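The values are calculated or read from the model by the stated rules, or taken from the named source; none is laboratory data. Given the structure is predicted, the values throughout are model-derived calculations rather than measurements. Here Cβ is always computed from backbone atoms with ideal geometry, including for glycine, and neighbour counts include all displayed protein chains. Accessible surface is based on the protein model in full, side chains and every heavy atom, while ligands, DNA and RNA are left aside. Shrake-Rupley method; radii C 1.70, N 1.55, O 1.52, S 1.80 Å.
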Amino acid sequence: MSKLKRVSRSDRRGFLRTGLTGLAGLASAPLLGSLAGCQQLPAAQAGSKAAASASGQKGAALATEKLSDRITLITGAPGNVIALSADNGVLLVDSGAAGSARAVKASLGGAKVHTLFNTHYHADQTGGNELFGKEGATIHAHLITRQWLATDFYVPADDRWVKAFPKVAWPTETFRTKGETRAGTENIEYGYLLEAHTRGDIYVFFRDSNVLAVGDVASPERDPVLDWYSGGWIGGRVDAMDDLLKLANDSTKIVPAYGPVMTRAQLKAERDIMAHLYDKTTEATDHGRSAKDMLDDGILNDVGRKFEDPYRFLYDVSKGNWAHYTNFGGNIV
Ligand SMILES: [Zn+2]
């Protein structure tokens, strides 16, 4: 490991400590605006109409996959939703897009949702909050996720404003670092993943079933998304993936927001590509190279994965690097 890398990680960790004690200053973060859905997700798809058509007949149950006796993966909402069944009802991780909410509900076979976790604020993970909130679910999320959902914000990529959710859809239980809960006999741990995709990402770890929900912090099929306007960047992503690798073992079922269940080895492979690109892109940023320069330099060539929109990925990486240049020891201003 290079000296620069050690310094980089240390600096990023330093920011974590600062961030955790200085969250009051982030209360206005939503006003800075960002994307309503993942940057890879067309705006219309994150909305209700397209998502409803994507999920087939409105209200029809979605495809499911059993991950354990009590944990079911619901797919096509348009992303993944995890459902843990216990005697007193269901705990969900993410609620799908608004247009998929009834379909997610139909997939639960009439069981009541008593608890819902949001892995982050994007519309394709929180669109069902209103439905399940109205029906009495307790909604858990990082404090910053609630700030985004409770505030009108601007989406620079689309040049539009997104209205705050109605209060019933806001997370009711928030945290800053981590916590634990229990549903039936399942012990559940959850924690913050600083700036990995947004500024409010969390994991939810079903400890007894060994199922780890990681939201958009892993992206096995779609291009990894760095929502730089809300604080995501490639350095945060690498650190977060390292934290997830510490939680997982070779039997852990790792569930991303989109795509198939991953093994720890697959997560490690994706992390290694991100770490390589962290080194390459921060060095390039440090030398004043733009996203277009990086693309022309072939920075994504031979890294072990194909990118659907290489320029878009590098644009977001570059934006995030500029926003965090002090974290990697850069001297570019
Ligand atoms: Zn997302």
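Among the conditions (1) within 16 Å of the ligand (Cβ to nearest atom); (2) crowded, with 24+ Cβ neighbours inside 10 Å; (3) not in a strand (DSSP E or B), the only one that residue 158 does not satisfy is (2). A Cβ distance below 6 Å, combined with a sequence gap of six or more or placement on separate chains, defines the contacts here; from the range 229-257, residues that are within 16 Å of the ligand (Cβ to nearest atom) reach residues that are in a helix (DSSP H, G or I) and open to solvent by 30 Å² or more (accessible area, probe 1.4 Å) in the pairs 241/271.
Selection of the range 274-293 for residues being open to solvent by 60 Å² or more (accessible area, probe 1.4 Å) and not in a helix (DSSP H, G or I) yields 287, 289. Among residues of the range 107-133 that are open to solvent by 10 Å² or more (accessible area, probe 1.4 Å), those with a beta-carbon under 6 Å from a residue that is within 14 Å of the ligand (Cβ to nearest atom) and of a type outside the set (Phe, Trp, Tyr) at least six positions away or on a different chain give the pairs 123/36; 123/37; 123/46; 127/96; 127/97. Please tell me if residue 271 is among the charged types (D, E, K, R), surrounded by fewer than 24 Cβ atoms within 10 Å (Cβ to Cβ) and within 12 Å of the ligand (Cβ to nearest atom). It is false that residue 271 is among the charged types (D, E, K, R), surrounded by fewer than 24 Cβ atoms within 10 Å (Cβ to Cβ) and within 12 Å of the ligand (Cβ to nearest atom). Within the range 167-181, is there a residue that is more than 15 Å from the ligand (Cβ to nearest atom) and either closer than 28 Å to residue 304 by Cα or open to solvent by less than 10 Å² (accessible area, probe 1.4 Å) (or both)? Yes, some residue in the range 167-181 is more than 15 Å from the ligand (Cβ to nearest atom) and either closer than 28 Å to residue 304 by Cα or open to solvent by less than 10 Å² (accessible area, probe 1.4 Å) (or both). Scanning the range 134-146 for residues that are open to solvent by 10 Å² or more (accessible area, probe 1.4 Å) and in a strand (DSSP E or B), we see that the one that is farthest from residue 168 (Cα to Cα) is 140.
Given the criteria within 16 Å of the ligand (Cβ to nearest atom) and either among the hydroxyl-bearing types (Ser, Thr, Tyr) or open to solvent by 10 Å² or more (accessible area, probe 1.4 Å) (or both), does residue 97 qualify?
So residue 97 fails the test.
If you take the residues of the range 294-321 that are touching a Phe, Trp or Tyr at 6+ places or on another chain (Cβ under 6 Å) and among the aromatic types (Phe, Trp, Tyr), which of them is surrounded by the fewest Cβ atoms within 10 Å (Cβ to Cβ)? Looking at residues that are touching a Phe, Trp or Tyr at 6+ places or on another chain (Cβ under 6 Å) and among the aromatic types (Phe, Trp, Tyr), I get 307.
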